[in-house]
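The values are calculated or read from the model by the stated rules, or taken from the named source; none is laboratory data. Everything numeric in this text was worked out from a predicted model, so none of it was measured. Here Cβ is always computed from backbone atoms with ideal geometry, including for glycine, and neighbour counts include all displayed protein chains. When the accessible area is computed, the model is the full protein with side chains, heavy atoms only, and any ligands, DNA or RNA have been set aside. Shrake-Rupley method; radii C 1.70, N 1.55, O 1.52, S 1.80 Å.
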Amino acid sequence: MLEPMTSPQKKLIWLHLSDLHAGQAGSGTLWPTYRDAALADMKKMALKLGKPEIIFFTGDLAFSGDSDEYKAVDTVLDDVRNATDSDPCIVPVPGNHDIKQPSKGSFLAAALHNYWGSSELRKSILDGNVENIQQINQLFAGYEAWLKRTAMPTWHARAATFSPGLLAGDFRLSLHIGGFHLGVLGLNSAFLQVGRGDYRSRLAIEP
């Protein structure tokens, strides 16, 4: 969805993408099925509203967090750039499908399943316990490699200032774009969704 943000003198156009699930079984026919129609619509809207200056990509870029799946993400982004004749800033956050799931019986999965019930574990994360945070962030290694390879160069190109948060996918970003001074806060709310079973009450945003 292309959307404008306007003031009397300025306009900012952004494109919102989500849930590509690149690498999912059968996805070789999913995106191609509606690719031409989607790209034609993006081209039409870019001509009508203006070229998108930002792509917000809000989770589940890949299907299982595997590094190779993000090559397909880059291909789709290239398609979007070509269709809209643009070179937008890419601002993503990961979803639960961007997690490389731990092996069955993982101690980390068991700990995260009990995250809300363990004040000690929660405190260790919020206090920045390096060992625990590194274990969680390793689940997002494929996503983080893609972020550094594909998204962050679009931040550097605009002289944006940014800083990471505690977990992979958390960040603060400040940039001047489209005549606006824009601040973006990225939050990884999916880090508890490891292992199998019901994910109810396992979207996490810490105050």
Gain upon complete extension [K11, H176; 0.36 nm per residue less C-alpha separation]: 58.2 nm
Estimated inter-spin distance, I205 and Q134, nm [label 7 Å along Cα→Cβ]: 3.1
The range 1-128, relative contact order [Cα under 8 Å, separation at least 6], %: 26
Calculated Kirkwood radius over Cα pairs in Å (choose from (i) 19.2; (ii) 18.2; (iii) 17.3), label: (ii)
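Of the accessible area of the range 89-207, with the probe set at 1.4 angstrom, what percent is carbon plus sulfur? Write out the running numbers ahead of the final one.
Values: 3580 of 6480 Å².
Looking at the range 89-207 in its full context, I get 55 percent from C and S.
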Prolate/oblate/rounded label for the range 123-207 (Cα gyration tensor, a/c 1.5): prolate
Amide H contacts under 5 Å for K11, placed H, 5+ residues apart: none
Anisotropy class of the range 68-109 from Cα gyration tensor, a/c 1.5 cut: prolate
Expected 222 nm ellipticity per residue - DSSP helices of 4 or more, -39500 (n - 2.57), all of the chain, to 500: -10500 deg cm²/dmol
Between the range 147-207 and the range 48-62, the Cα center-to-center distance that results, in Å: 14
Linear extension gain, F107 paired with S64, 0.36 nm per residue minus alpha-carbon span: 13.5 nm
Ranking by accessible area, most exposed first, for W14, W155 with a 1.4 Å probe: W14, W155
Spin-label model distance (nm) - K100 vs T33, 7 Å beyond Cα toward Cβ: 3.0
Whole-number percent relative contact order across the range 101-207, with pairs defined as alpha carbons under 8 Å at least 6 apart: 22
Hits among lysines - C-alpha to C-alpha of K51 under 18 Å, sequence gap 8 or more where chains match: K10, K11, K43
For the range 122-137, Karplus couplings with θ = phi - 60° (6.51, -1.76, 1.60), whole Hz, Gly/Pro x: 4, 4, 5, 5, 5, 7, x, 4, 4, 4, 5, 5, 4, 5, 5, 5
Largest to smallest accessible area among F171, F63, F107, F56 [probe 1.4 Å]: F107, F63, F56, F171
For A190, residues with placed amide H under 5 Å, excluding near neighbours: A204
Probe 1.4 Å, all protein chains present, accessible-area order of K148, K48, largest first: K48, K148
Three-way shape call for the range 23-92 based on the alpha-carbon gyration tensor, with the a/c threshold at 1.5: oblate
GNM result for the chain, Cα springs below 10 Å: residue of P32, P52, P92 fluctuating most strongly: P32
Of D60, D98, D78, the one that fluctuates the most in a GNM where the chain has Cα springs shorter than 10 Å: D78
Simple spin-label estimate for W116 and D78 in nanometres, 7 Å along Cα-Cβ: 4.3
